[in-house]
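**Q** Sharing a structure below in structure tokens format, with a few things to ask.
Coordinate-derived values only; no laboratory data. Predicted model, so just to flag it, every value in this text is computed and none were measured. Cβ placement follows ideal geometry from the backbone for every residue including glycine, while neighbour counts extend to all protein chains displayed.
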Amino acid sequence: MAALASCGGGSGGGSGPPSISVTSSSAANVVENSSGTIYTASATLSNGGAVGFTVAGGADASLFSILNTGELRIIGALDFERPRDANADNVYELTIRASGGGVSRDFPVTLTVTNDKEGISVTRIATGFTNPACVSFLNTVVAPTPSQPGRIAVGEAGGNIYAVDGTTGAKTLLADAFAGRSADKLLDCRTYRQGASGYYAGLYAVLRNADASVVLQRFDRGGLKDSVLLPAGSAAVGIKLLEGSDQQFYAAVGDSSPSVALDAASPLGKLHKLVQYDPYAGASLSPGYFTPQIVGDGLRDPAGGGTINGKTLIADRGGSKEHELDFFAPDARPLGFGWPNYEGTEPLVSSPPAAIIGPTVVYPFGTGARQGTGIVAGLVYDGPANELKAHYVFGDQRGLIWSIPLSLLTDGYLHKAPELENRTADFKPDVGTIDAPVGFATDDLGRFYVLDSDGELFRVDGT
Ligand SMILES: [Ca+2]
Ligand SMILES: [Ca+2]
Ligand SMILES: [Ca+2]
Ligand SMILES: [Ca+2]
């Protein structure tokens, strides 16, 4: 080493060891789905000799291979929606070693993977909804002769429910849900499809009245009564409507604090089947009147659901650990969704009882990468954007859009955040911003919509 020190470091000196100068950039951008060489390392040796390259380290070193001549490749795909770098921020970090003439030099390189929209275009079609609460499929008269195809329903917390033309965004007031009532807020609206000719098919809304009773109200068929879901004086919990794989209508009711989700005497934290009367069975029965029947428990803050490939899915929001999507069979008993013993797969108490329904998808509660503050149930996409076909698209109120291929969602295994595709960048709209998604809907033409918290409605198209 004394000989090295005495050489004085002169890079051009003829007597000391040569030195290496790195001539390639320390940072580069790479668009997702790139293959082959994504970066080329280069360096020169002061004596003009050859330099070779290896991967020497860095947080993401194991994902890369490099040729001796400097061409760097990634092992596996570069997918912006599913980053594989150590901290999942799409900035891949590695250290490259240049060697030659008996010396070597390590240098860090960061490769930032940038998004490609992959054929997804999102168009804002309407604005100005006030405190939007729900968005839903609307027409129950199906093709080929729906009266007005291509419309969806949007409901506001104040009670107005609009039909919105999915082509033009024009809105028509369908109903004021609180007309003649003392309002608190509209909690959800949803079209119960149950086949085109189903007696109960139609648009329904869940209303919380000023006395804190909650009723289910139906709009597009006259002479039907409300169904009472919660009595006056009930806690102000969320409620979501969903249609099960048994074609029955369900109301998923959130829990209160302290938790009563496992208390059989409380309607809170429960899944209620909206049991139908035969409308022709007896004069004493009110036609169209549902009787809620508790069929499941352990819900915390249900965020919607529906039927996918013949199985029923429900979303439930965590408050500290995990959000979850659960598949369940509506006729299975018991139906237990876990709260307050679990959020997702995470036990919240010591020695919790075995889970009755294990989640299918979980992701962490939080505001870090690939975390969220409240899941929002979605739908299977079947519109023109090929990239999303046969994906279940859903969201998080933090402003995230997620997707997961149906093949994964329905394979019977548990899937966690690293497997979810973060579609937020792909969903960047032409104008406006998708803030907290309120909900997702499709119309009878197969088009797909996102409604957000500040009242913008977006349609998801292909390019
Ligand atoms: Ca991608
Ligand atoms: Ca990173
Ligand atoms: Ca993309
Ligand atoms: Ca917005």
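**Q** For the residues Tyr342, Tyr277, what sequence is obtained by ranking on other C-beta atoms within 10 Å, fewest first?
**A** Details: Tyr342 25, Tyr277 16.
Least to most surrounded, the residues fall as Tyr277, Tyr342.
**Q** A follow-up question, please. Run the reach check for Lys171 against aspartates and glutamates, Cα to Cα strictly under 14 Å, same-chain hits fewer than 8 apart removed. What comes back?
**A** Glu156, Glu456
**Q** What distance in nm lies between label points placed 7 Å from Cα along the C-beta direction at Thr40 and Asp331?
**A** It works out to 6.6 nm between the two label points.
**Q** Right, another one. Please give, to one decimal in nm, the separation of the simple spin-label points placed at Gln247 and Ala436, each 7 Å out from Cα toward the Cβ.
**A** Spacing of the two 7 Å Cα→Cβ label points: 3.7 nm.
**Q** Still on this structure: So, with +1 on the Cβ of K and R and -1 on the Cβ of D and E, and no other charges, what is the size of the charge dipole of region 120-462 about its Cα centre, to the nearest 20 debye?
**A** Taking the Cα centre of region 120-462 as origin, the dipole is about 400 debye.
**Q** Farthest toward the dipole's positive end in the chain, which of Leu174, Ser104, Val362, given Cβ charges of +1 (Lys, Arg) and -1 (Asp, Glu) about the Cα centre?
**A** Leu174
**Q** Another one. Going down the list Lys185/Lys273; Lys273/Lys428; Lys240/Lys389; Lys117/Lys416; Lys240/Lys416, which pairs span over 28 Å between their C-alpha atoms?
**A** Numbers: Lys185/Lys273 22 Å; Lys273/Lys428 37 Å; Lys240/Lys389 26 Å; Lys117/Lys416 23 Å; Lys240/Lys416 24 Å.
Where the Cα-Cα span goes over 28 Å, the pairs concerned are Lys273/Lys428.
**Q** Then there's this: Grab the other residues whose beta carbon is less than 14 angstrom from that of Ser35, score K and R as +1, D and E as -1, and report the net. It would help to have the intermediate numbers written out before the result.
**A** Values: positive: Arg73; negative: Glu32, Glu71, Asp79, Asp116.
Summing Lys and Arg as +1 and Asp and Glu as -1 gives -3.
**Q** Still on this structure, please answer the following. Using R₀ = 25 Å, calculate the FRET efficiency as 1/(1 + (r/R₀)^6) where r is the Cβ-Cβ separation of Ala212 and Ala264; round to 0.05. Numbers along the way, then the final one.
**A** Working: r = 22 Å, r/R0 = 0.86.
Approximately 0.70, to the nearest 0.05.
**Q** Give the peptides 254-266, 179-191, 348-360 in descending order of average Cβ contacts within 10 Å, highest first.
**A** Values: 254-266: 15.6, 179-191: 18.2, 348-360: 14.0.
My ranking of the peptides, most packed first, is 179-191, 254-266, 348-360.
**Q** Could you tell me the calculated FRET efficiency between Ser407 and Val103, based on Cβ-Cβ distance and R0 = 41 angstrom, to the nearest 0.05? All intermediate terms of the calculation are to be shown ahead of the outcome.
**A** On the way: r = 51 Å, r/R0 = 1.25.
Rounded to the nearest 0.05, the efficiency is 0.20.
**Q** Quick one: check the C-alpha center-to-center distance for region 342-376 versus region 105-124, whole angstrom.
**A** What the calculation gives is 30 Å, centre to centre.
**Q** Sum -39500 (n - 2.57) across every DSSP H segment of at least 4 residues in the chain, then divide by the residue count to get the 222 nm mean residue ellipticity, nearest 500. All intermediate terms of the calculation are to be shown ahead of the outcome.
**A** Details: 2 runs with 8 residues, N = 463.
Rounded to the nearest 500, it is 0 deg cm²/dmol.
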